[in-house]
Amino acid sequence: MARNPVLVLLFSGKRKSGKDYITDHLQERLDESKSKIIRLSGPIKQQFAEDNGLDYSQLLTASDYKEKYRSEMITWSEAKRAQDRGYFIREAIKMFEGSKYPIWIVSDMRRRSDLAWFREHHSCAIYSVRIVATEEARRKRGWVFTPGVDDAESECDLDTVTSWDMEVDNSQEESEGHMLSVLDSLLTLCSERLAAAAAAAARSDVVSNTTG
Ligand SMILES: Nc1ncnc2c1ncn2[C@@H]1O[C@H](COP(=O)(O)OP(=O)(O)OP(=O)(O)O)[C@@H](O)[C@H]1O
């Protein structure tokens, strides 16, 4: 059996660029036993609630309760990340049961430290996709520039990175043709990596049977 993951698709992009839109469409087209969306933001709220005796479900809502703890939660998560840049990544992989799936679709990579962690731990498997969209398109989808959010590290840290494996312009609404061609190339990549991993696993079985 091949060791998971065989492919880690790392998606990043500004708020309302369409990360969830594209990753949801991709996941729908893949065999659900083969791929899983991993949200790096998943464990942050859950752990903050647990560590501080707070109501996790309330932290998920756009409530005053969440706003009350927002800056404390950011400070807390930055401190954890400063001690261990892989902390929330490993927790997210556990939370979404990444070890069961050969393809990981990381839908919300936000920092250079996230990219560095994946390069260090899964260098042969990663494929990075930067989603871009015009400000006009993002505004139509509900984006409003928010000081402290849109100028924060979590939103801007990857702006200067240019070494993406693929860049997708998602400014057009419901541009079926463009979206299908992007999804097609990602699906082809997924099939190729799964086939290569299966072939490598079969070869290592033959070797262990002949030597064992
Ligand atoms: N190409 C598109 N055509 C039509 N609707 C789109 C397109 N791209 C995104 N949207 C819609 O725009 C909204 C914002 O997109 P989405 O949630 O995917 O952005 P995001 O990058 O994940 O944002 P955030 O970082 O805030 O979570 C959603 O309602 C989504 O369905």
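The values are calculated or read from the model by the stated rules, or taken from the named source; none is laboratory data. The model shown is predicted, which means the values in this text are computed figures rather than measured ones. Positions of Cβ are generated from backbone atoms using ideal geometry, with glycine treated the same way; all protein chains shown enter the neighbour counts.
With respect to E120, is the statement that it is over 12 Å from the mean Cα position of the chain (by Cα), within 16 Å of the ligand (Cβ to nearest atom) and of a type in the set (D, E) true? No; evaluated as a whole, the condition is false for this residue.
With respect to the conditions (1) surrounded by 14 or more Cβ atoms within 10 Å (Cβ to Cβ); (2) touching a strand residue (DSSP E or B) at 6+ places or on another chain (Cβ under 8 Å), R112 falls short on a single one, namely (2). Total residues in the range 149-164 satisfying the condition of being outside any loop (DSSP other than H, G, I, E, B), touching a residue at least 24 places away in the same chain (Cβ under 8 Å) and more than 10 Å from R15 (Cα to Cα): the figure is 2. Could you look through the range 33-45, keep only residues that are modelled with pLDDT under 95 and over 11 Å from the mean Cα position of the chain (by Cα), and pick out the one that is farthest from the ligand (Cβ to nearest atom)? Among residues in the range 33-45 that are modelled with pLDDT under 95 and over 11 Å from the mean Cα position of the chain (by Cα), the one farthest from the ligand (Cβ to nearest atom) is P43.
Going through (1) in a loop (DSSP other than H, G, I, E, B); (2) touching a helix residue (DSSP H, G or I) at 6+ places or on another chain (Cβ under 8 Å); (3) at pLDDT 90 or above one by one, A2 falls short only on (3). In the set T134, T146, only one residue is at pLDDT below 90, more than 23 Å from V8 (Cβ to Cβ), surrounded by fewer than 16 Cβ atoms within 10 Å (Cβ to Cβ) and of a type in the set (S, T, Y); that residue is T146.
When the range 81-108 is filtered for residues that are part of a helix (DSSP H, G or I) and among the hydroxyl-bearing types (S, T, Y), the ones remaining, listed by number, are Y87, S99. Can we say D205 is out of contact with any strand residue (DSSP E or B) (no Cβ under 7 Å at 6 or more places or on another chain), part of a helix (DSSP H, G or I) and more than 22 Å from L40 (Cβ to Cβ)? Spelling it out, D205 is indeed out of contact with any strand residue (DSSP E or B) (no Cβ under 7 Å at 6 or more places or on another chain), part of a helix (DSSP H, G or I) and more than 22 Å from L40 (Cβ to Cβ). Here E78, E174, E120, E167 are screened, and the one residue that is on the phi > 0 side of the Ramachandran plot and either among the acidic types (D, E) or in a helix (DSSP H, G or I) (or both) is E174. Of all the numbered requirements in (1) assigned to a helix (DSSP H, G or I); (2) away from the ligand (no atom under 16 Å from the Cβ), D20 misses one, and that requirement is (2). Remark: pairs (first residue in the range 1-28, more than 21 Å from V161 (Cα to Cα) and touching a residue at least 12 places away in the same chain (Cβ under 8 Å); second residue within 12 Å of the ligand (Cβ to nearest atom) and polar (S, T, N, Q); Cβ separation under 8 Å; 6+ apart in sequence or on different chains) = Y21/N170.
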